[in-house]
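K.L.:
Take a look at this one; I'll ask things after.
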Amino acid sequence: MTGGVVAAVDLGATSGRVMLGYVDDGMLRLEQVARFPNGPVPGPDGLHWDFSALYRHIVQGLTEALRREPGIASIGIDSWAVDYGLVHGDELLGEPFHYRDERTARGVEAVHGEAPFEELYRRNGLQFLPFNTLYQYAVEDRLADADVALLIPDLVAFLLTGARFAERTNASTTGLVDVRTGQWDHELAARLGIPASALPPLVDPGTTLGTLHGEARERIGAPLEVIAVGSHDTASAVVAVPLSTPDAAYISCGTWGLVGVELDEPVVSDAAREANFTNEGGVDGRVRFLHNVTGLWLLSEAVRTWEAEDGAPIDLPGLLDAAAAVTGDIPLFDADDARLSAPGDMPARIAAVLDDAGAVVPATREAFARTIVESIAQAFADAVATAGRLTGRDIDVVHIVGGGALNRLLCQATADRSGLPVLAGPVEATALGNVLVQARAHGWFGPDASLEDLRRVVAASVSPERYEPRS
Ligand code: LRH
């Protein structure tokens, strides 16, 4: 076994990072080089991302990474799914839309008018999420003006190297990839009026995309290679779940809680469709059979509102400690309620959902925070049970990875409500998965390392915290 160092660009909905990932004799270590904020930016025509700022931060971060570590072997990029940028020549046609922009409602109507959801599910295996890329394309005015449409990590790779590809795990979230073959569904795209320019050549994780070129190469300072990783952040996170039993479930918990199991073959049964379970593409052709639960978005948006009210930052660990000490009945709400997906005054939105269900609205912030965390945990427990039912598995342990693994109240509540032990960590699963796939491409784990071998490296490098269910 050999080793080396790679750079991982990991873009989340609330922040982005550039990390160095060190592999040494079967062990893995991360060092953060840069961290920068991210979030929805309201504009005259809707919610966008400030992609130009993100790209500037990425180039700065990579420059610093190379300064610290001149021996970097390659760069890998992952981000949230579904969103894209339109490219004409070398130019980006405007800042990408944010998936929480409400224009997608019109897209759903237009697409389902041509291809009903039942048919879409048979073809693409995706749960219904109103922002899946095919709905966005249906209301995208400038699609025809573009030479190519690229999902966010592919767009970053294009700007860095000039290469125009679609990495397969992330492409699977567009709704335009055939769940059986893993290839673009050209027939569906044509029926929906989506041009071939939106379906660039697909590549698998581990493929070398290109070498830094032009201004990026000058700024960063070396002709580094960019390697495709599981460029959907959730795909990278699932690579780094140290699955401890064959019947383990995982929750990749950040803004969203992605709750499910890993499969070899998709499940597109009526029951899976009705339960709104998705079959997203995983690394090495695995299937991420999971359901999107509205995760820590509910808490972070509530905190954002309270901070605006106070004009001062909130001590989140302190609030969660106070929430854990709340006694008495905890009212619950449906974390997946569609009214909770847009930004803005989350406490009022949740109060309306509770009120409509005849539940009591908590009177203090700590009680409110407790209700939010317990409602997320209940949705996690329900989704774990459903994943077991739909796949015939007797789930025996739940791994929580991502930022949510740090939330002790959430981890314990998930154990209590699912009746299963929870193993929390690694927190940095997404960046670790990104690093692992690059390291494997360099042959640092031997010629034929499997996903299981990669997970053994994670298990050797981190120690998850265990939460036992309490009655
Ligand atoms: C998590 C995530 C999730 C998608 C959503 C858009 O960051 O990628 O898997 O459903 O963002």
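K.L.:
Report the charge-dipole magnitude of the chain in Debye, nearest 20, computed about the Cα centre from +1 at each Lys and Arg Cβ and -1 at each Asp and Glu Cβ.
P.N.:
660
K.L.:
Arranged from highest to lowest average of other beta-carbon atoms within 10 Å per residue, in what order do the peptides 232-243, 298-309 appear?
P.N.:
Put in order of decreasing packing, that is 232-243, 298-309.
K.L.:
Ranked highest first by the average count of other Cβ atoms within 10 Å around their residues, in what order do 171-179, 205-213, 325-333 fall?
P.N.:
My ranking of the peptides, most packed first, is 171-179, 205-213, 325-333.
K.L.:
Then there's this: Mind checking which of P37, Q127, P426 is farthest towards the positive end of the chain's charge dipole, using Cβ charges of +1 (Lys, Arg) and -1 (Asp, Glu) about the Cα centre?
P.N.:
Toward the positive end, the furthest listed residue is P426.
K.L.:
Let me ask something else. Stokes-Einstein at 20 °C, 1.002 mPa s, Kirkwood radius from Cα pairs: D for the range 34-156 in µm² s⁻¹?
P.N.:
132
K.L.:
Let me have the relative contact order for the range 1-123, percent, based on Cα pairs under 8 Å that are six or more residues apart.
P.N.:
25
K.L.:
Still on this model: Quick check: residue separation of E95 and R389 times 0.36 nm, minus the Cα distance between them. What number comes out in nm?
P.N.:
Fully extending the segment from E95 to R389 adds 101.7 nm.
K.L.:
Between the alpha-carbon centers of the range 368-384 and the range 21-54, tell me the distance in whole angstrom.
P.N.:
So the separation of the two Cα centres works out to 27 Å.
K.L.:
May I ask you to compute the full-extension gain from E109 to A312, defined as 0.36 nm times their residue separation minus their alpha-carbon distance, rounded to one decimal in nm?
P.N.:
Here the segment from E109 to A312 would lengthen by 68.9 nm.
K.L.:
Give me the Debye-computed log₁₀ of I(q)/I(0) at q = 0.14, 0.15, 0.17 Å⁻¹ for the range 4-233, equal point scatterers on Cα only, no solvent, two decimals.
P.N.:
-0.86, -0.98, -1.21
K.L.:
Kindly identify the chain as rounded, prolate or oblate by the Cα gyration tensor criterion: order the square roots of the eigenvalues as a ≥ b ≥ c, call it rounded if a/c is under 1.5, otherwise compare a/b with b/c, prolate if a/b is larger, else oblate.
P.N.:
Verdict is rounded for the chain.
K.L.:
For the chain, what is the relative contact order in percent, using Cα pairs closer than 8 Å and at least 6 residues apart in sequence?
P.N.:
16
K.L.:
Label-point separation (nm) for V360 and D396, each offset 7 Å from Cα along Cα-to-Cβ?
P.N.:
4.1
K.L.:
Counting helices only, and only those DSSP H runs with n ≥ 4, report the 222 nm mean residue ellipticity of the chain as the sum of -39,500 (n - 2.57) divided by its residues, in deg cm²/dmol to the nearest 500.
P.N.:
-11500 deg cm²/dmol
K.L.:
Rank-order 360-368, 13-21, 392-400 by packing density, defined as the average count of other C-beta atoms within 10 Å over each peptide's residues, highest first.
P.N.:
Ranking, from highest mean packing down: 13-21, 392-400, 360-368.
K.L.:
Need one number: nm distance between label points at T208 and A196, each 7 Å from Cα along Cα→Cβ, rounded to one decimal.
P.N.:
Calculated label separation equals 2.9 nm.
K.L.:
Could you give the C-alpha radius of gyration of the range 9-106 expressed as a fraction of 2.2 N^0.38 Å, taking N as the number of residues it contains?
P.N.:
Output field value: 1.27.
K.L.:
Express as a percent, rounded to the nearest 5, the fraction of DSSP beta bridges in the chain (both residues included) that run antiparallel.
P.N.:
Taking every DSSP beta bridge within the chain, about 75 percent pair in antiparallel fashion.
K.L.:
Before anything else, pin down the relative contact order of the range 4-233: Cα pairs under 8 Å, at least 6 apart, normalised by residue count, whole percent.
P.N.:
Over the range 4-233, the number comes to 21 percent.
K.L.:
D145 label point, 7 Å along Cα→Cβ, cut-off 19 Å on backbone N: hits in the range 40-72?
P.N.:
Label zone hits: 43-52.
K.L.:
Suppose each label sits 7 Å from its Cα in the direction of the beta carbon; what would the A271-Q183 distance come out to in nanometres?
P.N.:
3.2
K.L.:
Follow-up question, since we're still on this one. Taking the alpha-carbon centroid of each part, what is the distance from the range 160-205 to the range 230-285 in angstrom?
P.N.:
20
K.L.:
If you don't mind, another one. Would you mind working out the magnitude of the charge dipole of the range 268-416 relative to its Cα centre, with +1 at each Lys and Arg C-beta and -1 at each Asp and Glu C-beta, to the nearest 20 Debye?
P.N.:
380
Read-outs: derived from the displayed coordinates by stated rules, not from any lab. The shown structure was predicted, so the numbers you read here are calculated from the model rather than taken from an experiment. Because the Cβ atoms are built from the backbone with ideal geometry, glycine has one as well, and the counts that use them run over all protein chains shown.
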